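Any read-out appearing in this document is the output of simple, stated calculations on the displayed coordinates, not a laboratory observation. Given the structure is predicted, the values throughout are model-derived calculations rather than measurements. When we count neighbours, we look across all protein chains shown, and the Cβ atoms used for this are built from the backbone with ideal geometry, even at glycine.
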Amino acid sequence: MKLEIKGLSKKYGDFQALKALNVEFTEGIYGILGPNGAGKSTFMNLLTDNLKRTAGEICLDGKEILSLGKEYRAKLGYMPQQQGFYEQFSAMEFLRYIGKLKGLKGRKLNGQIEELLTKVNLYEIRHSPMSSLSGGMRQRVLLAQALLGKPEIVIMDEPTAGLDPKERINIRNIVAEISKDKIVFIATHVVSDIECIASKVLLLKKGELIRMESPAGLIASVRGKAGEIPCTKEELQKLQEKYVTGNTIQRQEGLFFRIVGDDLPPEANVIWNNLTLEDVYMYYLEQS
Amino acid sequence: MEYKRIIKNRKVFLLCVLLLVTTAAAYIYKQINAVSAEQAVSEYGEDALQENGLMSYREFQEQYAASYPGYLEKILTQNDDLTGISIFQKKDSFSFRNLEKTKADYKSLVGLKAEVGNFRALESVVSFETADYITFIFGVILVWSFFDDEKKGLWCVNYATPGGRMKLAMARCGVLLLGNSIFQTVLFFLLFGSAFLLYGGIEDIGCSVQSSPLFRDCILQVNVWEYLLLFVMLHLAAAFAMSLFVWMVLLFCRSHMLSTGLLLIVLAGECVFSNGLSDQSILVGLKYGNLFRLIHPGDILYNYRNFNLFSYPINCFRAYLCLMLVTIMLSIVISAWITSVRRPIATVGKIELRIAGLLKKINRVCHQGLSHLSVFGMEVYKILVMHKGILFLIVWIYLLVSQIDTRSIYYLGTGAVLKEIYSEYSGPDDGRLRAYIVRQEAVLQQEQLQYEKAVSAYETGEISREEMENASMVYSSFSALEGGIESVNMQLGYMERIKEERGISAWFLSDKGYRILWTGDGLYQGQGYGKQEQRGLLAIIVLILLLSTVFSYDRTCGMEKLMRAAPYGREKLFYIKIRVAGLTCLFICLVTYGLELYEVQKLYPVSCLKAPVQSLDFMEHFPIVMAAGSFLLMVEMIHFLVLFMTAMAVFACTVYFRGIKGVAAALIILVFPAALQMLGFDWCQYISVLQPLVYVRILQEHGFVCSIISVIAMMVFGMICYLLVKKRWCQNES
Ligand SMILES: Nc1ncnc2c1ncn2[C@@H]1O[C@H](COP(=O)(O)OP(=O)(O)OP(=O)(O)O)[C@@H](O)[C@H]1O
Ligand SMILES: [Mg+2]
């Protein structure tokens, strides 16, 4: 399975939200990292054809998805960013409804629903109305919905927004588990969501694809670009004013101010090991 | 801030405007109908009026004005007479005290003159009850808008501000007062404005209000415009009290379902008291000192009534004012207390919890069944339950059924003769009828001869006066037969002509039922198409209310993206939604026109469905030869098709404009021109969907070609809407 994107761009009026994207995806998990407004949701909406593109092509195994239509959507699982629900439905009804729209029926549908509800820890409350669920629970219902029908391409827009740490990990595990032979997209600005599971990470900034590489490669690319300044609480404020994108870290030994950049100030201890994707994010996306 | 929020709430604002416009339009429509019925009657001429004991308004006024002083006197002296009777002499009885009080109250009116004038504007507005119910609806909407901020989480923010709680409660009372004032002022300005425009009479505004017979028992010494002012103020106060009361009840429980249920129960009970109790009942105090009266004050301001409280007479109006004051005070205190004490995110109370728990259980059982619905069933469920469509349907069907006229018809004279003939000889022309007519004509001639003989015998004095009278009575009893034969002959003549001219062998049949269905002459000549149009308009409104959410809801609640990413979420779901629209239209059609047929069948059954439709003389020019039954079927199919195309237009409106805007657009495009057309603006017929919907009207008035063009135009319009909606839903948005 190969998903090719050629020259894909999107304009809202005069505003260029996505600039000529050229990229190819094969089976694997793709983390799409980018700050607010980078164009992640726009890209996902184009992938699901919920949004009309300004230019470009999206081809699945060489065939344009627009002409594939239903056939393409049958392979699609989509988890939107905002929580769209029928408040009066219960999780069960909601999943059934979506399942029917995906063309599933009878025992097959019931089996999948039960399996998924158990997976996302919602089986107990499957009959409560959606309006009585917490934000994280709704998020999990949405995830279950996306996985209905065993899609081959899963598109998730900030799947972990509003989840507690345990559920975050749970969802990460679920994604890792189901990702075999699938193309999975996860858009997020929380690095830890994709840290250990993504086979490739896309860095998106202001509608442009800055880099696409494996996490290890990305981390290697920022070697020597991060440094820490030991500081006291009093000095902190000054440092924060000077380096807008800096990050404060509390360790046993005291406070550290971590900055990234090509020219690190002399007072900073340059770090060579234990670099994380966090540093990558800071380096590529937060630096102006 | 609270004021701003309510006013800025576009939904509330739009609804208010809609309510005002509807009320004014309903009022004008009612008056226009009344006036035209009056004109129809007065066209029979003065003699006919007198004969039927009817009087023109002016005459009636004159008579009344002359009799008014006598009326007052009668009340006062009759009192004296009655107190003379022994049972009333017991000084501590209610009857005695009541009479004394009545006398004292009416004394102030002595010497008052009723003047002759035109007071119909005031009379018609005062007896226009719909305005009261619309005001109530407005109050409920206003109160509901308070609870909007709970849903949006604004309450917590508000609650956290210092002094926010008490201030908020007071501000809301202010909003209710101000909102009601503005609404009532505008409403009555519209109503009285159009009333004076329609009826005139603005020059008589200085007369005492008792000059109108409707207000003869009003013991307030005011003239018409003062009364008008009082009337508006009373209604304003009542509306304010009622909206405060509604607010209080809705605040009572946290669960809105519960509190709404509570409100409904209370009001239903009061309504039963208000309408069910007789004036003689011991509990009559409950009839007039009644919350329901706050919604509908009715005649409380102008009718004089006392009720018995521990054998003391209490004036109903006074009691009413007390009730109003108490309601206002209590509601304000309780509501303010609840608003300032309650926390935004508290848990529900114990009793509530129990009831809510029960409801939840019921809910769960329903939901389990529900999850087995197909996608189609789900769409229907969304319309009926999630968007309260079932309520609209109930109200609509109630309106339709309450309008059905089911009195049975008594056939007298010619009617009875014709009925007999129709029951015997309806059918194809087989000569039996002609033979029968010839026989009857012979009988008639015989009678005539005999009568003439009697006349000449009487003139020569051969028979007595009594015998002559007998003979004349016998003869006149045959006049019904004569009339019947005449009418049959006319129909036979028509049948012959149509046979000659177009070669159609028409049937002999009773056309009254068909007339009601397909012409403007319903029960009486010149009735017009009002009833058909009303039904059509109602059907269109219900259609809009039911279908406006089908596409727009998925969009507003964010489901659209999910659906459109599913393989069957585009074309297939679209067709399912279209099928739902078809089903809805079919249902509306069946109910509307089924009830119409049922009504006609009760009054004047239609028969001979196999007869060529040209057997009916008003269908003479219809170019296609088909059976009456087929024509009936065709008309119903046209009804369905036009409604279906209307549904497409509703979809188009709600797909291109979101939320309430879509509904507004649909109302403006579909209902507004239709309503204007009904109100007599003829140019609107070119853009009104009522035109093709009331197909028989355009057929009768403009001919076959025009009617077909109109229907085809509607089809084209509907198809365009359909394609637009399809494009919007199945393809991605820009
Ligand atoms: N319907 C729209 N009309 C106009 N501009 C839009 C529209 N939707 C998005 N944009 C703009 O396009 C840009 C990209 O938006 P997008 O929603 O794709 O960002 P995102 O990466 O998903 O951000 P977030 O992390 O906040 O979800 C933003 O600057 C936004 O303002
Ligand atoms: Mg986004």
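Can you list the residues of the stretch B:214-254 with backbone N under 13 Å from a point 7 Å past the Cα of B:Leu325, pointing along Cα to Cβ? Answer for this model: none. In plain terms, the residue of B:Ser630, A:Ser179 with the fewest other Cβ atoms within 10 Å comes first and the most crowded comes last, giving B:Ser630, A:Ser179.
Over the C-alpha trace of chain B, radius of gyration and Dmax come out as 32.4, 111 angstrom.
From the Cα gyration tensor of the stretch A:86-151, with a ≥ b ≥ c the square roots of its eigenvalues, which class applies: rounded if a/c is under 1.5, or else prolate if a/b is larger than b/c, or else oblate?
Working: a/c = 1.76, a/b = 1.52, b/c = 1.16.
Here the stretch A:86-151 falls in the prolate category.
Computed extension gain for B:Cys706 through B:Glu486, at 0.36 nm per residue and net of the alpha carbon distance, reaches 75.7 nm. Less than 13 Å Cβ to Cβ from A:Arg223, Lys/Arg counted +1 and Asp/Glu -1: what total charge do the surrounding residues give? Taking every other residue near A:Arg223 into account, the sum is -1. What the Cβ-Cβ distance of A:Glu195 and B:Leu723 gives, at R0 = 60 Å and to the nearest 0.05, is a FRET efficiency of 0.75.
Using Cβ point charges alone (K and R +1, D and E -1), the dipole size of the protein assembly as shown about the Cα centre works out to roughly 5460 debye.
Within chain B, helices built from complete DSSP H runs that reach 24 Å or longer along their own axis (Cα positions) and carry a mean Kyte-Doolittle hydropathy of -0.5 or higher are B:10-42, B:130-151, B:164-199, B:224-252, B:256-276, B:316-341, B:350-370, B:530-556, B:571-603, B:628-656, B:695-730. Treating each Cα of the stretch B:414-508 as one equal point scatterer and applying the Debye formula with no solvent, the log10 of I(q)/I(0) at q = 0.10, 0.13, 0.16, 0.19 Å⁻¹ comes out as -0.38, -0.56, -0.72, -0.88. Spin-label model, B:Asp430 to B:Gln601: label points 7 Å out along the Cα-to-beta-carbon direction sit 2.6 nm apart. Taking other Cβ atoms within 10 Å as a rough exposure proxy, A:Asp262, B:Asp511, B:Asp521 sort from fewest to most as A:Asp262, B:Asp521, B:Asp511. Distance between the pseudo-spin-label points of A:Asp164 and B:Leu309 (7 Å out from Cα toward the beta carbon): 6.0 nm. Relative to the 2.2 N^0.38 Å rule of thumb, chain A has a C-alpha radius of gyration ratio of 1.11.
Net charge within 13 Å of B:Gln677 by Cβ-Cβ distance, Lys/Arg positive one each and Asp/Glu negative one each, not counting B:Gln677 itself? Around B:Gln677, the charge tally is -2.
Please give the residues of the stretch B:439-453, grouped as numeric ranges, whose backbone N is less than 12 Å from a label point set 7 Å along the Cα-to-Cβ vector of B:Val474. Backbone N within reach: B:446-453. Rounded to the nearest angstrom and listed largest first, the equivalent-ellipsoid semi-axes of the stretch B:517-730 from its Cα gyration tensor are 35, 18, 15. For chain A, return all DSSP H helices satisfying: extent of Cα atoms along own axis at least 18 Å; mean Kyte-Doolittle hydropathy at least 0.0. Qualifying helices, which must be both long enough and hydrophobic enough, are A:135-147.
From its DSSP helices (H runs of at least four residues, each -39,500 (n - 2.57)), chain B gives a residue-normalised ellipticity at 222 nm of -24000 deg cm²/dmol. When the Cα positions of B:Leu444, B:Leu384, B:Ile219 are compared along the charge dipole of the protein assembly as shown, B:Leu384 comes out farthest toward the positive end, with charges on each C-beta of Lys, Arg, Asp and Glu. Can you compute the FRET efficiency between B:Tyr656 and B:Trp225 using 1/(1 + (r/R0)^6), with r the Cβ-Cβ distance and R0 = 51 Å? Round to the nearest 0.05. Taking R0 as 51 Å, the efficiency between B:Tyr656 and B:Trp225 is 0.60.
Overall, the ratio between the Cα radius of gyration of the protein assembly as shown and 2.2 N^0.38 Å, rounded to two decimals, is 1.28. Computed from label points 7 Å out along Cα-Cβ, the spacing between B:Ala66 and B:Val625 is 6.5 nm. Remark: the B:Phe587-B:Ala416 segment gains 57.8 nm on full extension, using 0.36 nm per residue and subtracting the alpha carbon distance. With Cα atoms as the point set, the radius of gyration and Dmax of the stretch A:1-83 evaluate to 12.6, 35 Å. Peptide B:550-562 has a mean of 4 when you count, residue by residue, the C-beta atoms of other protein chains within 10 Å of its C-beta. Measuring r between the beta carbons of A:Ser131 and B:Ala713 and using R0 = 60 Å, the FRET efficiency lands at 0.85. For the stretch A:190-275, the Stokes-Einstein estimate of translational diffusion at 4 °C and a viscosity of 1.567 mPa s comes to 89 µm²/s, using the Kirkwood hydrodynamic radius over alpha-carbon pairs. Stretching B:Val341 away from B:Asp299 to a fully extended chain increases their span by 11.1 nm, per 0.36 nm per residue minus the current alpha-carbon distance. Counting other Cβ atoms within 10 Å as a rough exposure proxy, the listed residues B:Met242, B:Met386, B:Met490 run B:Met490, B:Met386, B:Met242 from fewest neighbours to most.
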